[in-house]
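The values are calculated or read from the model by the stated rules, or taken from the named source; none is laboratory data. Source: prediction; values computed, not measured. Positions of Cβ are backbone-derived with ideal geometry, glycine not excepted, and every protein chain shown enters the neighbour counts. Only protein heavy atoms, including side chains, enter the accessible area calculation; ligands, DNA and RNA are left aside. Shrake-Rupley method; radii C 1.70, N 1.55, O 1.52, S 1.80 Å.
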Amino acid sequence: MPARAIVVILIATAASCASEPAPVTEADYLADLQAICVDTTATLDALPQPPEQISVADFATSASSALGNEAERMRSLDVPDVPAELDADHRALILNTDEQSAIWTAIATVGDDDTRLGELTVQFGELNRGRNDLADEMGALGCRRGAV
């Protein structure tokens, strides 16, 4: 094999090795996760307040959309292999966020049914407490929401 061919192979091999992404660290993952949560919290906090500034249905639709976007952004994160429970917690946080989004969608369509609205409010509170417990467990305090 000519020397020139060997050099080309070595360069190609070195380039392919250099292009492998470094494994994500727990600290990097948590920083990215919390940045997503902080962005969503800012979006939710910026919404006009019902019923004076926006209808409940419009607020709920906007909140549902923001949470749906948050869940999609969370899904795109690479989760480190260590600690082992982090992947399960990550999936649980996404599921919780999806369920909160679904509750806001239901609130947007509940109309004048105060009983159903009360049920949805209780479910939302339970999900929010669960989210905050997960955030605490994961060390992602930037993902906590609301007073519980």
Measuring from centroid to centroid over Cα atoms, what is the spacing of region 21-44 and region 48-68 in Å?
25 Å
Largest-first ordering by accessible area, 1.4 Å probe, given options Ser76, Ser55
Ser76, Ser55
To the nearest 0.05, how large is the calculated FRET efficiency for Asp28 and Glu119 if R₀ is 35 Å and r is the Cβ-Cβ distance?
0.30
Label-point separation (nm) for Ala84 and Ala46, each offset 7 Å from Cα along Cα-to-Cβ?
4.2 nm
In sequence order, what are the phi-derived ³J(HN,Hα) couplings for region 25-40 according to the Karplus relation 6.51 cos²θ - 1.76 cosθ + 1.60 with θ = phi - 60°, rounded to whole Hz, with x for glycine and proline?
8, 4, 4, 5, 4, 5, 5, 5, 4, 5, 4, 4, 4, 5, 4, 5
Heavy-atom surface of region 70-148, accessible at 1.4 Å and reported per residue (Å²)
54 Å²
Dividing the helical contributions, -39500 (n - 2.57) per DSSP H run of n ≥ 4, by the residues of the chain yields a 222 nm value, nearest 500 deg cm²/dmol, of -25000 deg cm²/dmol
Would you please put 111-119, 28-36, 83-91 in order of how densely packed they are, using the mean number of other Cβ atoms within 10 angstrom per residue and starting with the highest?
28-36, 83-91, 111-119
Can you list the HN-Hα couplings for region 128-135, worked out from phi with the Karplus curve (6.51, -1.76, 1.60; θ = phi - 60°), rounded to whole Hz and with x for Gly and Pro?
5, 4, x, 4, 5, 4, 4, 4
